[in-house]
Amino acid sequence: MNIRKPNLFFILIALLLLTQLARAQNVTISGYVKDQVSKEALIGASVIFPDYKNGISTNQYGFFSFTVPVRDTITMLVSYNGYFPALKKIINRKSTQLEILLNVKTNSLNEVVVNASRNRENVQKAQMGIINVPIKAIKDLPVLLGERDVLKVIQLLPGIQPGQEGTTGFYVRGGNLDQNLIQLDEATVYNPNHLFGLFSTFNINSVNSVKLIKGGFPSEYGGRLSSILDINMKEGNKTKYQTEGGLGLISGNLTFQGPIQKNKSSFIISGRRSYIDALLALSSKTTKYRFYDVNAKMNYELGPKDHLFLSGFSGNDAAAYVGANSLNYNTNFGNNTATLRWNHLSGSKVFSNTSLIYNDYHLQLGSTQNSYYEVLYTGIKDINLKTDFTAILSPKHTLKFGANYIYHTLYPGALSAKVPKNGNQITINRDSIAKRYSNEAALYFNDDYTVSDKLSVNYGIRVPIFNASGKTYSFLEPRVTTKLSLSESTSLKASYTRMNQFVHLVPNSTASLPADIWLSSSSLIKPQNSTQISLGLFKNYKENLIETSVEAYYKTMNNQVLFKEGTRILLNTNLDEVLTFGNGKAYGIEFFVKKNSGRLTGWASYTLSKATQQFPDLNYGQSFPSSYDRTHSLSVVGSYQLTKTWSLSADFVFYTGRPYTLPAGKVLVYGDGSLYDNYYYDYNNRNNSRYASYNRLDANISNKKMVKLFKFAYEREWSFGFYNIYSRANPYFVYLTTDQATKQPQAKQVSLLPIIPSVSFNFKF
């Protein structure tokens, strides 16, 4: 015993000395990558150390940390799409924190190409199903009525199915609309639409980055089954005041930003307002519509290791129609969010973010047709507290862990009834609805580890806990993505993900207008859950100039929610008892080719897929196609720089027509009004027919240059576009009627958007 103790003591001392010696031989290079002029953080910038044949990307705050063996000179190459790369040489033999500033490229036809600076994370990183959407593409691509739109670009990506003609709704890998978590500065936006879905609520002038995750979900994300759309707002220019704005055919926007304290704090405020109401007032006394949205953000650098952010968003739509044909409606819906965030850097390797988030969504709808009326109010208010830690142990090993807690308040209420003889209809507002309270919490751990030059793995676990009305649910959600390098430019990847969802958007089929009700899980409504497996081959060509990928996926979804067939909601209806539950299944293969830089940029995507649902109480218990199942989806997107001032962009899309239900027969009912042409239809198989295929070509040409007005220089842009150039009559919906001459039933297609020209003027100074 006396001999072993000293031996053990000396062994511990030796190990400690070796550890200190190893640390002394390494240095950590950390810091932030920012725009040279505005000092805006550049998210996803590539930081490469050529001498070590390794690199890293900046996080959503522009931060990076990289530990390397000490050398006399350490070379670092930093690049970001749309910016000139920067080459840095570090001769300090100690750990260093840097601020790296990149200069934006002008519209130069002779592009400076630095092959080694091109990011190849799409091949080398253990992640799949993640797409960073270029802001430039959102600004350049053809738009409807001059409104640049984030969600319209999302619809052009592989695995994404659009909703109805012209709308911004998107359905990911067979999932429903509510299975997409859309976040603006970490705050949930439950209804991100304007003008009944024709445009999104996101003003592109206030957006810094857009990332879509549709598979291989890292453990920090949860609460939805199909996708995460993570949008970050700009921080504001820290060096000078800047104004930009634009006018389209239906709205105008204005953005103002600048320093509060130069190089230390800044603000940005961006607003958009429609003038549809003014245009309608000149031509119609029956229809009213207006919308607006406002984004605001400010930030303050407390010190080199602490940063504070405060951001907010408010958007609202209001519409009304009073018709002579007995159809009347009014609606009001909107979102309000606020986010307070604190970034802290512990040493040079541990980055933390703590956020307090508030969001409030409401939809109020009333409609009357003939002798029936419907009223609906649905809303969600959330208070969310979360904290996340990132520990960059080495270039090959990054740990992430954290927790969050959400307090939900839901306001579900709807009524459908005959108009009373005295004409006094019941109204619904937030105060008259029985509120539903619930608690949602989660813990997560994630490890991104490079095992060798060929093998890396991103694995973790998320533990969500949900409580409502005395019922508690808890789950284990394992996540794993592996990457096997076949060469420097080719890799094979596979992922497995489990997800759970506790709030549900239930389509309300009794309303004359599109209206859905948000409900939370309870003892009767079980949480939705999904399991997704995917396999992909990723390959880059021409020094990463061209990215290609093929991804195959298989996903099962349980506890899907719909209203029972024929449900008519009354004021005292217990909504939980009129629901039916079923399962879904989706599988497919996605092809993607993208060209990142040069005079010609863009991508092409093709998806072959199938999505079905099965409910014991619907369709005789047999499976049926999901409402947005489309066998074939093709998108081709391109932008070409014609000259230094002129650019041309276009997109072409083709989709298989989505399913809908045709009746098997009809029954004549006398004296029951004209709403159904005196006929009741008999339905048997659900989604037993399909709309005609959808295809469309859009094009846009723009001229951007610096001009002078009274010796004052500013940047201006004229943009001219055409939506649906060959005026394809694409189906919006199909309605049933009877031919008056033959008395035979007919299904008639309604098309919404023919060829639509647009013009917009944008300025910046």
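Hey, among the residues in the range 59-92 that are surrounded by 19 or more Cβ atoms within 10 Å (Cβ to Cβ) and either in the same structural domain as residue 347 (by TED's automatic domain parsing) or of a type in the set (Gly, Ala, Ser) (or both), which one's farthest from residue 353 (Cα to Cα)?
Within the range 59-92, the match that is farthest from residue 353 (Cα to Cα) is 86.
If a residue has to be within 17 Å of residue 61 (Cα to Cα), at pLDDT below 95 and β-branched (Val, Ile, Thr) to count, how many in the range 372-406 make the cut?
Of the residues in that region, 3 qualify.
Name the residues in the range 106-135 that are in contact with a strand residue (DSSP E or B) (Cβ under 8 Å, 6 or more places away or on another chain), surrounded by 12 or more Cβ atoms within 10 Å (Cβ to Cβ) and either assigned by TED's automatic domain parsing to the domain that holds residue 66 or at pLDDT below 70 (or both), would you?
Within the range 106-135, 107, 114, 116, 117, 118, 119 qualify.
Looking only at the range 628-658, which residues are surrounded by fewer than 20 Cβ atoms within 10 Å (Cβ to Cβ) and over 30 Å from residue 599 (Cβ atoms)?
We begin by selecting, within the range 628-658, every residue surrounded by fewer than 20 Cβ atoms within 10 Å (Cβ to Cβ); these are 631-632, 634, 636, 638, 640-646, 648, 652-654, 656-657.
Selection gives 631, 632, 656, 657.
Among the residues of the range 276-295, is there at least one that is touching a Phe, Trp or Tyr at 6+ places or on another chain (Cβ under 7 Å), at pLDDT 90 or above and farther than 24 Å from residue 198 by Cα?
Among the residues of the range 276-295, not one is touching a Phe, Trp or Tyr at 6+ places or on another chain (Cβ under 7 Å), at pLDDT 90 or above and farther than 24 Å from residue 198 by Cα, which makes the answer no.
Only residues that are buried (at least 22 other Cβ atoms within 10 Å of the Cβ) and of a type outside the set (S, T, N, Q): list them for the range 201-212, please.
Correct list: 202, 210, 212.
State all residues of the range 318-350 that are modelled with pLDDT under 90 and within 24 Å of residue 271 (Cα to Cα); if no residue qualifies, say none.
Residues satisfying the conditions are 318, 319, 320, 331, 332, 333.
Does the range 63-91 hold any residues that are without any contact (Cβ under 8 Å) to a residue 24 or more places away in the chain and of a type outside the set (A, V, I, L, M, F, W, C), and which are they?
Answer for the range 63-91, where residues must be without any contact (Cβ under 8 Å) to a residue 24 or more places away in the chain and of a type outside the set (A, V, I, L, M, F, W, C): 71, 72, 73, 88, 89.
Do you know which residues across the range 25-65 are within 22 Å of the chain's Cα centre (by Cα) and not in a strand (DSSP E or B)?
Going residue by residue through the range 25-65, those that are within 22 Å of the chain's Cα centre (by Cα) are 40-45, 57-62.
Listed by number, the residues that qualify are 40, 42, 43, 44, 45, 58, 59, 60, 61, 62.
Do we have any residue at all in the range 287-302 that's out of contact with any Gly (no Cβ under 6 Å at 6 or more places or on another chain), surrounded by fewer than 18 Cβ atoms within 10 Å (Cβ to Cβ) and free of Cβ contacts under 8 Å to residues at least 24 places away in the same chain?
Yes - at least one qualifying residue is present in the range 287-302.
Pick from the range 341-356 the residues that are in a loop (DSSP other than H, G, I, E, B) and not hydroxyl-bearing (Ser, Thr, Tyr): which of them is farthest from residue 64 (Cα to Cα)?
347
What number of residues within the range 444-479 satisfy the criterion of being buried (at least 18 other Cβ atoms within 10 Å of the Cβ) and without any contact (Cβ under 8 Å) to a residue 40 or more places away in the chain?
1
What single numbered condition from (1) within 30 Å of residue 613 (Cα to Cα); (2) at pLDDT 90 or above fails to hold for residue 679?
Going through (1) within 30 Å of residue 613 (Cα to Cα); (2) at pLDDT 90 or above one by one, residue 679 breaks only (2).
Residues that are surrounded by fewer than 20 Cβ atoms within 10 Å (Cβ to Cβ), in contact (Cβ under 8 Å) with a residue 60 or more places away in the chain, assigned by TED's automatic domain parsing to the domain that holds residue 390 and small (Gly, Ala, Ser): does the range 235-249 have at least one?
Yes, that holds for at least one residue.
The values are calculated or read from the model by the stated rules, or taken from the named source; none is laboratory data. Source: prediction; values computed, not measured. Here Cβ is always computed from backbone atoms with ideal geometry, including for glycine, and neighbour counts include all displayed protein chains.
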